[in-house]
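Inspection log for the structure reproduced underneath, given as structure tokens.
The values are calculated or read from the model by the stated rules, or taken from the named source; none is laboratory data. Being a predicted model, the structure only gives us computed values, none of them experimental. Positions of Cβ are generated from backbone atoms using ideal geometry, with glycine treated the same way; all protein chains shown enter the neighbour counts. Please note that ligands, DNA and RNA were not included when accessible areas were found on the heavy atoms of the full protein model with its side chains. Shrake-Rupley method; radii C 1.70, N 1.55, O 1.52, S 1.80 Å.
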Amino acid sequence: MAGWRGSRGGGDRAVEHISSSRSIRLGKVQPQAPGHRTVFCNDREANALARFKGNSVSTTKYDIITFLPKGLFEQAGGEPLFSHDLNLVMHPGQELATSLFNAFKVSFSCSPVSPVTNVLPLALVLLVSLIKEAWEDWKRFQNDMAINNSTVEVLQDQKWVFTPWKKLQVGDIVKVKQDGFFPADLLFLASTNPDGVCYIETANLDGETNLKIRKALEKTWDYLTPEKVSEFKGEVQCEQPNNSLYTFTGNLIISKQTLPLSPNQLLLRGCSLRNTDYIVGAVIFTGHETKVMMNSMKIPSKRSTLEKKLDKLILTLFTVLFCMCLLGAIGSGIFINRKYYYLRFDKSEKQFDPDNRVVVGILTFFTLITLYSPIIPISLYVSVEMIKFIQSTQFINNDLRMYHAESNTPASARTSNLNEELGQVEYIFSDKTGTLTRNLMEFFKCSIGGEIYGTGVSEIEMGTAQRTGVKVEVQKQSNVVREKGFNFDDARLMRGAWRNEPNSDSCKMPAICHTVLPEGEETPEKIRYQAASPDEAALVTAAKNFGFFFYKRSPTTISVRESHVEKMGKVQDVQYEILNVLEFNSTRKRQSVVCRYPDGRLVLYCKGADTVIYERLADHGNELKGATREHLEQFGASGLRTLCLAYRNLSPDVYENWNDKYIQAKSALNDREKKLDEVAELIEKDLILIGATAIEDKLQEGVPACIETLSRAGIKIWVLTGDKMETAINIAYAAKLMLLEKLKISLRVTLLNVSLNCSAVVCCRVSPLQKAQVTSLVRKGANRITLSIGDGANDVSMIQAAHVGVGISGQEGMQAVMASDFAIAQFRFLTELLLVHGRWSYLRICKVVTYFFYKNLTFTLTQFWFTFHTGFSGQRFYDDWFQSLYNVIFTALPVIIIGLFDKDVNASLSKKYPELYKEGIRNVFFKWRVVATWAFFAIYQSLVLYHLVVASSSRAVNSAGKMFGVWDVSTMAFTCVVITVNLRLLMMCNNITRWHHISVGGSILAWFIFVFIYSGFVLPKAQENIYFVIYVLMSTFYFYFTLLLVPVAALFGDFVYMGVQRWFFPYDYQIVQEIHRHEADNSRIGLLEIGNNDLTPDEARSYAIMQLPGQKSRHTGFAFDSPGYESFFASQAGVYVPQKAWDVARRASMKSSWSKTTRKN
């Protein structure tokens, strides 16, 4: 076709200049307006001037040229190792700047430390980080290649030709077959199904596995064959690319007709075609301008509160470093004097010029910065990130106690930078529907014509009766109809008895006013309903059981098999023409359809929230309004979800006048949604009330017990729901969420002051935006740590507004999960997530950070005390490699082990005594008092380590009878430091396992192996003094006596303090330890209390299946930063992967898929 001449295909194509002599209707091609774009279908030359982006996508961060500079830049101020969203204060860039400064100073002979030993540890950290970045980016590149090289049939010269996705351009006509994925955002033109409809699955976009219907414009239904499609020359004027998945505004101009386009005509990239042989579509948005790619942004970065407090600790360390260096600089300026002639001061060295004390002090200051720099721990960054990464991927993700066998869904830590935040949560903000409840709606009761139907007793009513002491008798009948979505019994309506009731014809409304899609055989027993919400499916199921069986749908009609009104057992198929559908949204809170009966009668049916329906009722019928209002209050008090039903008969003239305005609003390019809402107001008035429906959404399993446990842990729970107050309050009571105050959002300060004194708060009738505002109010106004949990798209803003966001992979898709920090399948798993994993993570990270502070301060202070004996000259006490490897090797592994495996009490006791969690809320283990205590003992131990070693060595001699030199003493002191700090770590452990013994023993052994090898060779001049030192030391009794005496003396003060503290001022967990000290802990370390007897056989089998390679994504280290395409990748590789909603939240590894794709090509 003509569109293929004059330009090159490809994602990054260079568009060829088109000569003005070419007849391409230049008068038709207009510059792209800011508000919309114009696409010429089937005409590449006309689209060339617009320079639309290609369809090639790239999610990589680097290329060959930018990798090294950009990678170093990101490490200097961007993202740390092992976690893409974390921003620790200890960026490697700070160490890089320090090391570069040190290297710069070496060139001026001011640094006492070798540049190699000073920079090498940091270089190792950066190398590991860059290798990790390169590996992650390579995996991204493989994913991109797999997608870009996928093929689709494109119209070319009146025939379908397989073309790589990356060569698609805006305006191309493509053909997508059943189960195929749409390669770009397409304008739906035609399908093999009748009436131009197709069925799509949007699981890769929002996690919803229920099918959606899309309908092509009637004008384009015939464009199916290549010959016919070649004739299509339409012009599309539509909105500019945006990230709104559920809106689309545009017009199709064809044959001088302007036809409005809506989301029903848009097929989004990443969705798949179902139950349709093939469709034909025109490319509208490509590559990074498609809606799915514009939604593939990173979740807003969050930092834990403990990390922010760590900032202050690091600043404190810098302050201490500055003061130490300043003191040394002043001392150096005072000490330097010609009377010490034997020191041979030389004017040629400015740092030792007695005539210029100011310069001496300044140069000494910078020298001491280099010498004392180990006080700022480089390895803290690597260790903390590694610990948190393993905690997330291995412990939280693999905890069987948070595995939901029914949905085959494990817990998922989508980020590793908030683990410890889970142990300090004070406020939980929870959605109700789908979070506290199951979101499995069942039709339970109804009110028709002022009469209540339905004899059941809801779960909330039973809870209310228990609370008030009233006995409720529940009559169970064996002949009650039970099916998914229907839990109703009333002899007046069931089994055809509705014919004898007044207003009996009202039972058919739920069968007409909906957007449900039927699937399967057209029989009541085997048909399945695909609905946008479970409420709609429940209402249609109820209508079926009342005798109005909806079994078939086309774009313009609904077919209902109705029981005969007069003759029992007789049925008749009735087809209703659907003229207009006024869809539900969070603003309208209602849905309407205009239908034409077979006899030509026009009726508007409307269902929605009671507040919006009552506003639009006609003036008459006040008695029915009052009775229904009372019934709505009763339903709400029973914890049921209510909808009001109403209708309006329309005259042809009224409808035609209104429909003209509706078509005009539907064709608008600007503010289409607003105009459609305004037009809907014109016809949704003077309604006649039919009645109300009541749907039960039962509480999830374990919710009351979970909330009661969390409350005992000191956590305050707020429920934010759009339900009416009566419903929300009774749900709160049933969930054991005791309501102390009923509040409406009005004045922020008043709300905050009152609610902070409540143990629980229920906010009713709140919108999604108000949910986020309430969360932010407590987070910022009260400065408390918050957690938001929800399961739907309306909870996303609330989840992102809290310190920690938890998504539930439930019935409303995966939008909440994709925006969350942690994902679980059930609300009750919060107990395990917070009281076990959260509390343990908080305790472990606190210990890791304070221990790093202690061991680095202890080591640096021994060098500091030595400075007083050297005239503040900057003479080093330790060998360069001793100093460089202290944090990297000799003390690195034990602190990682304690960060992974230390636990004060086991998981069962953590949940048995939830009050232990309050220590995290109060931040007991990372207060300045705790830091000051560690600092005190660091100073004490450094004094003991330095002065005892120095004092004892003053009279010690080696085997040759010679006194020990400075390197003998420093090696002895360093050996004592390594042993002391490693033994101190064992003292702070709550439980000691073989891993603790291996790590501590291995670290000490690593020091001896290193020093034996290092001192066994003659090294360059800078290190020659260390030669044979360890062998000389170990040949003396002094070595072994000092090795025993000094660590014991150094740790004696800690031992006494810990004993006094535990005996007289115990922490809560220490009391629990004493209570249960004789009980054996049979839990398995590493898998967090996963016992062999904790799962039923079915759960164990389901978990084993989930662990198979084809079922579970392999973690690649860079998960959660792009949309989930696991099923897509697998399909491209020829592998069948069952679609699971939670796959969207897990990033698939492409290694095997890519290799298979390569072999195929």
Verdict on Ser559 being assigned to a strand (DSSP E or B), surrounded by 20 or more Cβ atoms within 10 Å (Cβ to Cβ) and in contact with a Phe, Trp or Tyr (Cβ under 7 Å, 6 or more places away or on another chain) | no
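Table: residues versus (1) modelled with pLDDT of 85 or more; (2) open to solvent by less than 60 Å² (accessible area, probe 1.4 Å); (3) more than 21 Å from Tyr199 (Cα to Cα).
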{"position": "Thr220", "(1), (2), (3)": "yes, yes, no"}
{"position": "Lys228", "(1), (2), (3)": "yes, no, yes"}
{"position": "Gly234", "(1), (2), (3)": "yes, yes, yes"}
{"position": "Gln237", "(1), (2), (3)": "yes, yes, yes"}
{"position": "Asn242", "(1), (2), (3)": "yes, yes, yes"}
{"position": "Leu245", "(1), (2), (3)": "no, yes, no"}
{"position": "Asn251", "(1), (2), (3)": "yes, yes, yes"}
Within the set of pairs 6+ apart or on separate chains, which have a first residue in the range 612-639 that is among the basic types (Lys, Arg), a second that is open to solvent by less than 40 Å² (accessible area, probe 1.4 Å) and assigned to a loop (DSSP other than H, G, I, E, B), and C-beta atoms under 8 Å apart?
-> Arg616/Glu684
Could you list, in sequence order, the residues of the range 396-415 that are open to solvent by 10 Å² or more (accessible area, probe 1.4 Å) and among the hydrophobic types (A, V, I, L, M, F, W, C)?
-> Leu400, Ala405
Working only within the range 627-644, note down all residues that are modelled with pLDDT of 90 or more, within 10 Å of Ile452 (Cβ to Cβ) and open to solvent by 10 Å² or more (accessible area, probe 1.4 Å).
-> Ala627, Glu630, His631
Per-region count, the range 143-198, residues touching a strand residue (DSSP E or B) at 6+ places or on another chain (Cβ under 9 Å), under 18 Å from Pro226 (Cβ atoms) and either open to solvent by 40 Å² or more (accessible area, probe 1.4 Å) or of a type in the set (A, V, I, L, M, F, W, C) (or both) | 19
Please work out if Leu857 is open to solvent by 10 Å² or more (accessible area, probe 1.4 Å) and either within 30 Å of Ala405 (Cβ to Cβ) or small (Gly, Ala, Ser) (or both).
-> no
Which one is modelled with the lowest pLDDT, of the residues in the range 734-755 that are within 21 Å of Glu708 (Cβ to Cβ) and open to solvent by less than 60 Å² (accessible area, probe 1.4 Å)?
-> Leu739
If Ser954 passes every condition in (1) open to solvent by 30 Å² or more (accessible area, probe 1.4 Å); (2) over 29 Å from Thr867 (Cα atoms) but one, which one does it miss?
-> (2)
Consider only pairs whose beta carbons are under 6 Å apart and that are at least six residues apart or on different chains; among these, list those whose first residue lies in the range 869-896 and is closer than 17 Å to Val969 by Cα and whose second residue is open to solvent by 20 Å² or more (accessible area, probe 1.4 Å) and among the basic types (Lys, Arg).
-> none
Would you please list the contacts, defined by Cβ atoms under 7 Å and residues six or more apart or on different chains, that run from a residue in the range 504-525 that is farther than 19 Å from Glu483 by Cα and in contact (Cβ under 8 Å) with a residue 40 or more places away in the chain to a residue that is of a type in the set (S, T, N, Q) and crowded, with 17+ Cβ neighbours inside 10 Å?
-> Cys513/Gln591
In the range 1031-1054, what count of residues is obtained for those that are part of a helix (DSSP H, G or I), of a type in the set (Gly, Ala, Ser) and open to solvent by 50 Å² or more (accessible area, probe 1.4 Å)?
-> 0
Out of the residues in the range 810-826 that are part of a loop (DSSP other than H, G, I, E, B) and open to solvent by 20 Å² or more (accessible area, probe 1.4 Å), state the one that is modelled with the lowest pLDDT.
-> Glu812
Scan the range 153-175 for residues that are part of a strand (DSSP E or B) and under 11 Å from Ala282 (Cα atoms) and jot them down.
-> Val154, Leu155, Ile173, Val174, Lys175
Scan of the range 531-556 for residues that are open to solvent by less than 40 Å² (accessible area, probe 1.4 Å) and assigned to a strand (DSSP E or B), ordered by number = Phe548, Phe549, Phe550, Tyr551
Which of the residues belonging to the range 892-926 are under 20 Å from Lys388 (Cα atoms) and charged (D, E, K, R)?
-> Asp902, Lys903, Asp904
Pull up the range 903-932, narrow it to residues that are in contact (Cβ under 8 Å) with a residue 12 or more places away in the chain, of a type in the set (Phe, Trp, Tyr) and within 22 Å of Leu985 (Cα to Cα), then point me to the one that is surrounded by the most Cβ atoms within 10 Å (Cβ to Cβ).
-> Phe926
When you look at Phe829, is it in a helix (DSSP H, G or I), out of contact with any Gly (no Cβ under 7 Å at 6 or more places or on another chain), more than 30 Å from Arg984 (Cβ to Cβ) and not acidic (Asp, Glu), yes or no?
-> yes
